[in-house]
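The values are calculated or read from the model by the stated rules, or taken from the named source; none is laboratory data. Treat the numbers as computed from the prediction; the structure is a model and nothing was measured. Note that each Cβ is placed from the backbone with ideal geometry, even for glycine, and that neighbours are counted across all protein chains shown. Quick note on the areas: whole protein, heavy atoms, side chains included, nothing else; ligands and nucleic acids left out. Shrake-Rupley method; radii C 1.70, N 1.55, O 1.52, S 1.80 Å.
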Amino acid sequence: MNLRQSVLALLLWLLLWQLISISVNNTILLAGPRETAEALLRLFGSSAYWSSVLHSLLRILGGFLAGGLLGVLLAAAAYSNQGLRIILSPFVASIRAIPVVSFVILLLIWSGSGGVAFWISAIVSFPVLYLNSLAGLMSTEHTLIEVTELFQLRLRDRISALYLPQLKPFLRGALSIAVGMSFKAGVAAEVIGQPLLSIGNGMYRAKIYLETAELFAWTLTVVLLSWLLERMLLLLLRKC
């Protein structure tokens, strides 16, 4: 889909949103695009807004990178060791199945609200990167592996010539999924834990004061941050 088609699709959804807002005729129940844009502009003028965005971004991005890196490294280890792969299988399956709110409550008990977004983002991104990386490695053709062994390539050359190209499409899909999930889970954890200077705290205050337009503005902020981070990571992956 080209840029023109993307813009037209976006305008169509904005028009639909505006029409529904007009039909509801109650900005508390459903604020429209204009009210949301005005609320976002008001937030832009607040230093607390930018501090909240920065703190949340650092926590969520840090957790995503930590969980993703651990997932890729453990996938490489599990690919080389079948015993480790068997041991990790129920652990990864459990992390995928356990509700995020359970982890949030446990983390609030163990460490307080300060680092909850970091740990939740790591927990969410880990299984996505682990499973996709492992699937990519397991799909490597044995004939290609035999060729690298025949020519006695160094491990570094095997990784760059064989495994990284094999992993690239799997990592592209994993990054697209994991970034969005990390932001959704991280902000949800902040809404529950209520750390100061966070997007989740801003959303909660908007809910308390029935500022639906401001709630939508915070939500739009999360969407934009997630989209920008995903674009940057995919661009970095292409460069690699």
Give the cross-link partners of Lys207 among the lysines, using a straight C-alpha distance below 29 Å as the criterion and excluding same-chain residues fewer than 8 apart.
Lys184
On each of the three principal axes the extent of the alpha-carbon atoms of segment 7-90, given in whole Å and largest first, is 61, 32, 26
Would you mind working out the accessible area per residue for the chain, using a 1.4 Å probe, and quoting it in Å²?
59
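If r is the Cβ-Cβ distance from Trp17 to Leu210 and R0 is 25 Å, what FRET efficiency results, to the nearest 0.05? List each step's numbers first, then the result.
Details: r = 19 Å, r/R0 = 0.77.
E(calc), rounded to 0.05, equals 0.85.
First compute the accessible area of the chain with a 1.4 Å probe, then give the percent of it belonging to carbon and sulfur atoms. Please report the intermediate quantities before stating the final value.
Numbers: 10000 of 14220 Å².
Answer for the chain: carbon and sulfur cover 70 percent of the accessible area.
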Candidate span helices, the chain: DSSP H, at least 24 Å along axis from Cα coords, Kyte-Doolittle average at least 1.0, result 3-24, 47-80, 116-138, 212-239
quick shape note, segment 163-240: Cα extents on principal axes in Å, largest first -> 52, 21, 17
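Convex hull over the alpha-carbon atoms of the chain: what's its volume per residue in Å³?
Cα convex hull per residue, to the nearest whole number: 157 Å³.
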